[in-house]
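Here is the structure we will look at, set down as structure tokens.
Here, each number is a calculation from the coordinates, and none is a lab measurement. The structure displayed is predicted, hence computed values, not measured ones. Glycine also receives a Cβ, built like all others from the backbone with ideal geometry; neighbour counts cover every protein chain displayed.
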Amino acid sequence: MTDAASAHSSQHPPYLAHHFTDIEQQNESGTLGMWLFLLTEIMFFGGLFASYAIYRLRYFEAFREGSHLLNVKFGAINTAVLIGSSLTMALAVRAAQLSRRKAIIAFIILTMVLGIAFIGIKLNYEWSADYHEGLIPWMGFHVESPNAAGVRLFFCFYFFMTGLHALHMVVGLGIMCVLLHMAAKGRFDGGYFAPVEITGLYWHFVDIVWIFLFPLLYLIGGRY
Amino acid sequence: MSAALAEAPPETRVHYLNADYGIKSWLLTTDHKRIALLYLGSVTLMFFVGGAMAVMMRIHLIDPAGALVHPDTFNKLFTMHGVIMIFFFLIPAIPAVLGNFLVPLMVGAKDLAFPRINLLSWYLYIAGASLAVYAMVSGGVDTGWTFYTPYSTSYAHSQVMATALGAFILGFSSILTGLNFIVTIHKMRAPGLTWFRMPLFLWAIYATSIIQILGTPVVATAILLVGLERLFHVGIFDPAVGGDPILFQHLFWFYSHPAVYIMILPPMGVISEIVTCFSRKKVFGYHFVAFSSMAIAVISFLVWGHHMFVTGMSVYAALIFSVLSFLVAIPSAIKVFNWTATLYQGSISYQAPMLYALGFIGLFTMGGLTGLFLASLATDVHLNGTYFIVAHFHYIMVGGAVMAYMGGIHFWWPKITGRMFPDTWARLAAAIVFIGFNLTFFPQFMLGYLGMPRRYATYPAEFQVLNVMSSAGASILGIGYLIPLVYLFWSIRYGPIAPPNPWRATGLEWQTSSPPPTQNFEIPPVVKEEAYAYGPPGSELEDAHD
């Protein structure tokens with residue numbers, strides 16, 4: 001078996017897995033796999049978005065109140081940071097297509113810096129402030145309002161959804177560490193860049209989730 | 001014994017089973033065929049664990065006052081029976097065992113698109129199953145497999161978290177398996193294997209995979225919220241602080257009704273393969289059977305509300321869900337009629353796989369038709385929460401899915417192991433399963449119609465005769481499942497050597513040797529004919545299989 005396998009693999013470029021007939025099939029399979037995975041992610045977040053929508057309609061005023069307690073300024077800055085990271089991610093894919101190794105590494109690092117900046121702003125300026133203001137539903141929640149119960153539900157969704165989103169970013173950052181390692185070893189060139197491209201798809205998806213979260217959580221107050 | 005050993009010719013050919021030895025060659029394998037066998041071992045173990053719980057319940061219910069266990073233990077038994085049988089046996093059984101083994105062979109590929117992810121799926125399954133078993137031995141869980149809120153979130157003091165986490169992790173396994181199949185079917189079909197030349201098993205697996213990747217994430221959301229609720233008590237499902245327990249039911253059934261089709265679509269694919277082969281006829285209405293799988297997958301997402309007719313839903317929503325539920329009967333009936341039409345004027349032979357397939361057609365039809373009683377609003381009010389429901393879904397799940405799984409295991413056993421099973425024993429076991437099954441579950445239709453509620457540890461004395469009949473049937477059914485366990489194990493060592501195509505069947509998996517080599521085919525196959533090119537005995541088409 002080992003003889004057959006080595007004879008077999010010698011006919012292929014090293015990045016082509018043994019069970020694919022050509023690199024095109026391998027790339028298409030990887031991309032389709034990631035799109036399908038993103039479909040499951042849409043359904044996963046979709047369950048939360050649907051639940052959000054139901055409570056938003058039931059506690060309309062309370063959700064508006066809750067939204068006003070969020071810091072729109074930092075939310076907006078973070079939106080810009082995240083869109084910027086999508087741009088650098090797209091540039092990393094382009095650099096990989098053009099076989100520019102240093103540029104790949106630079107753009108992936110830049111993407112990671114922006115991603116970390118997003119999480120940093122969220123933790124340092126938003127979630128910690130929420131904690132001090134008593135907005136975390138399970139840690140000394142305290143809001144003076146006749147709608148306090150509804151506001152509490154709003155913050156449940158706020159923390160579950162932004163928390164889950166942040167968790168996806170952390171996973172993305174972990175994958176980028178692997179990419180960085182692969183890029184440093186010179187594994188990517190114009191003939192093989194599927195991992196960069198597929199990670200890009202994932203990262204853009206995480207970005208798009210935020211594009212939906214930002215207005216639904218920060219802007220529904222209607223005062224801006 | 002030594003005579004049998006001496007008769008067996010020395011193994012000279014290298015195939016996937018003897019290409020490598022040792023525990024590492026199994027636990028780190030990325031060969032889809034070996035992973036299928038890992039799954040076969042795991043789901044069989046879980047099947048008998050879940051089955052043991054069913055046996056305990058049936059013994060308990062021999063006496064109206066309860067004969068065996070404390071009522072609390074009874075709650076845990078039916079919960080764990082449901083969790084194990086649904087999440088850890090029925091959902092993975094046919095896709096992860098037969099699908100894993102057959103999808104690359106049937107498309108003519110060397111492996112699934114993502115072999116390492118395939119192995120990861122198995123480890124996720126094992127992690128989920130370990131948590132469920134941990135929950136079982138550390139006190140059990142008593143919420144029912146449905147984890148209904150607010151009981152599961154606020155009141156249950158059993159191992160809800162461990163069980164829910166197990167189901168959550170298992171979901172990833174299910175998603176990754178489905179994703180792997182879809183990509184493989186899209187991208188890795190052999191030259192000449194167009195969509196409408198694919199075996200119907202592949203269509204069924206494809207439809208199943210779509211449900212797996214679209215439905216499973218939503219139940220993950222539901223389970224996640226239950227978990228967060230138990231951790232933080234924030235009240236998302238607690239009406240006392242503005243939450244809505246019904247929301248959980250919507251999220252749960254949005255997956256768990258389609259999950260029924262995850263369990264029954266692959267069996268339908270297996271039946272299409274078996275019925276055509278043992279009728280020696282091309283399947284009647286190939287396109288209709290293929291598209292009916294897709295139709296079931298689509299409609300399955302629109303009917304979840306029929307689980308909630310009596311739990312608080314607007315009458316108009318209920319009306320629509322009722323109508324949509326009736327629609328599922330159409331593609332299901334298309335399949336049954338087309339299998340029957342395939343049998344018509346076929347040269348039928350009654351080998352063991354065919355007995356299971358014929359059993360499936362009858363029992364699935366009964367299970368499906370009684371489903372219509374439950375999709376009707378008025379009758380559902382009477383039958384909801386009774387043994388009628390228990391009988392209905394066991395006709396689908398055991399009479400349907402398990403029968404087809406057994407049929408499929410027998411049909412492809414020669415390909416998987418390279419050995420034939422003893423046919424007489426296999427036919428006997430199939431007959432025992434059929435008789436035992438009907439004796440177990442038909443009385444439950446009557447019990448439910450008479451008003452006996454499900455999930456109760458005791459019952460009024462007038463129901464005893466039917467309950468004793470059901471328990472007697474369960475013991476016969478149990479024997480029917482144990483016999484194959486014995487002779488299939490026996491056949492691995494002592495069964496006659498199987499030829500590459502013992503049933504003279506069509507399909508790429510039969511064109512390679514039994515068991516197949518690690519890379520599946522010595523020469524990459526090219527498909528030149530339609531699926532199921534069977535013909536009458538003596539015809540040119542038929543002789544081509546010899």
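Please enumerate, by chain and number, the lysines with C-alpha under 19 Å from the C-alpha of B:Lys282, excluding those fewer than 8 residues away in the same chain.
Within the straight-line limit of under 19 Å, B:Lys282 reaches these lysines: B:Lys335, B:Lys528.
If you scale each eigenvalue of the Cα gyration tensor by 5 and take the root, what three semi-axes come out for the protein assembly as shown, rounded to whole angstrom and sorted largest first?
Ellipsoid semi-axes (Å, largest first): 44, 37, 22.
Straight-line reach from A:Lys185: which lysines have a Cα under 27 Å away, not including same-chain ones fewer than 8 places off?
Of all the lysines, those that pass the test against A:Lys185 - Cα under 27 Å, at least 8 places apart if same chain - are A:Lys102.
If R0 is 25 Å, what FRET efficiency do you get for A:Thr31 and B:Ile126 from their C-beta distance, rounded to 0.05?
Efficiency at R0 = 25 Å is approximately 0.30.
To the nearest whole number, what is the average tally of beta carbon atoms from other chains within 10 Å of the beta carbons of peptide B:12-19?
1
Name all residues of segment B:140-159 having a backbone nitrogen under 20 Å from the label point set 7 Å from the Cα of A:Ala149 along its Cα→Cβ direction, giving them as ranges.
Once the point is set 7 Å along Cα→Cβ of A:Ala149, B:149-155 turn out to lie under 20 Å by backbone N, inside segment B:140-159.
Where does segment B:336-494 land on Rg/Rh, using Cα atoms and the Kirkwood Rh?
1.05
Looking only at other chains, what is the average number of their beta-carbon atoms within 10 angstrom of each beta-carbon in B:251-263?
Average per residue, whole number: 1.
Grab the Cα-Cα distance for B:Leu377 and B:Ser539, subtract it from 0.36 nm times how many residues apart they are, and report the gain in nm with one decimal.
Separation in residues times 0.36 nm, less the Cα-Cα distance, equals 53.1 nm.
Report relative contact order for chain B in percent, whole number only (criteria: Cα-Cα under 8 Å, sequence separation at least 6).
18 percent
Pick from A:Phe44, A:Phe157, A:Phe214 the residue whose mean-square fluctuation is largest in a GNM of chain A, springs joining Cα atoms under 10 Å.
Between A:Phe44, A:Phe157, A:Phe214, it is A:Phe44 that shows the largest mean-square fluctuation.
For segment A:22-218, what is the convex hull (Cα atoms) projected area averaged across all directions, in square nanometres?
11.3 nm²
If contacts are Cα pairs under 8 angstrom and at least 6 residues apart, what is the relative contact order of segment B:6-97 in percent?
With pairs under 8 Å counted, the relative contact order is 33 percent.
Could you compute how fast segment B:226-305 diffuses translationally, taking Rh as the Kirkwood radius over C-alpha pairs and applying Stokes-Einstein at 37 °C with viscosity 0.692 mPa s? Give it in µm² per second.
210 µm²/s
Within 10 Å of each Cβ in peptide B:244-250, how many partner chain Cβ atoms are there on average? Round it to a whole number, please.
Across the residues of B:244-250, the mean count of other-chain Cβ atoms within 10 Å is 2.
Percent of Cα-Cα pairs more than 18 Å apart in segment B:104-172, please.
The calculated P(r) of segment B:104-172 puts 50 percent of pairs beyond 18 Å.
Using label points projected 7 Å from each Cα along Cα→Cβ, tell me how many nm separate B:Val468 and B:Glu522, to one decimal.
Label-label distance for B:Val468 and B:Glu522, simple model: 6.3 nm.
Quick one: Cα centre-to-centre distance for segment B:43-106 and segment A:24-50, in angstrom?
If we compute the Cα centre of each part, the gap is 32 Å.
R0 = 41 Å: FRET efficiency of B:Val323 with A:Arg58, Cβ-based, nearest 0.05?
Result of the calculation: an efficiency of 0.90.
Within a Cβ distance under 12 Å of A:His168, other residues only, what is the Lys/Arg minus Asp/Glu net charge?
Net charge in that neighbourhood comes out at -2.
Can you list the HN-Hα couplings for segment B:527-543, worked out from phi with the Karplus curve (6.51, -1.76, 1.60; θ = phi - 60°), rounded to whole Hz and with x for Gly and Pro?
In residue order, the calculated couplings are 9, 10, 9, 5, 5, 6, 7, 8, x, x, x, x, 6, 5, 4, 6, 5 Hz.
Evaluate the relative contact order of segment B:374-467 (contact order divided by residue number), counting alpha-carbon pairs under 8 angstrom at least 6 apart; express in whole percent.
Details: 64 pairs, mean separation 43.7, N = 94.
Once divided by the residue count of segment B:374-467, the mean separation gives 47 percent.
Within chain B, which whole H helices from DSSP have a Cα span along their axis of at least 15 Å and a mean Kyte-Doolittle hydropathy of 0.0 or more, if any?
Correct list, ordered by number: B:32-60, B:115-137, B:160-187, B:200-232, B:245-279, B:286-299, B:315-343, B:352-375, B:403-417, B:423-450, B:464-494.
Provide the gained length on full extension for the span B:His70 to B:Ile479, in nm with one decimal, where the gain is 0.36 nm per separating residue minus the Cα-Cα distance.
144.6 nm
How many angstrom lie between the Cα centre of segment B:265-316 and the Cα centre of segment B:351-422?
Taking the Cα centre of each part, segment B:265-316 and segment B:351-422 sit 13 Å apart.
Using the basic label-point model (7 angstrom from Cα toward the beta carbon), what is the B:Leu27 to A:Leu180 distance in nanometres?
Modelled inter-label distance: 3.3 nm.
Taking segment B:27-543 on its own, what percent of its Cα-Cα pair distances exceed 34 Å? Walk me through the numbers on the way to the answer.
Working: 45417 of 133386 pairs.
In whole percent, the share of Cα-Cα pairs in segment B:27-543 beyond 34 Å is 34.
Give the calculated FRET efficiency between A:Val171 and B:Phe48 to the nearest 0.05, with a Förster radius of 45 Å applied to their Cβ-Cβ distance. The partial results should precede the final answer.
On the way: r = 37 Å, r/R0 = 0.82.
Rounded to the nearest 0.05, the efficiency is 0.75.
Could you tell me the ratio Rg/Rh of segment B:157-212? Both radii from Cα atoms, Rh via Kirkwood.
1.23
Calculate the length of the line joining the C-alpha centroid of segment B:140-175 to that of segment B:443-513, in whole Å.
If you average the Cα positions of each part, the centres end up 27 Å apart.
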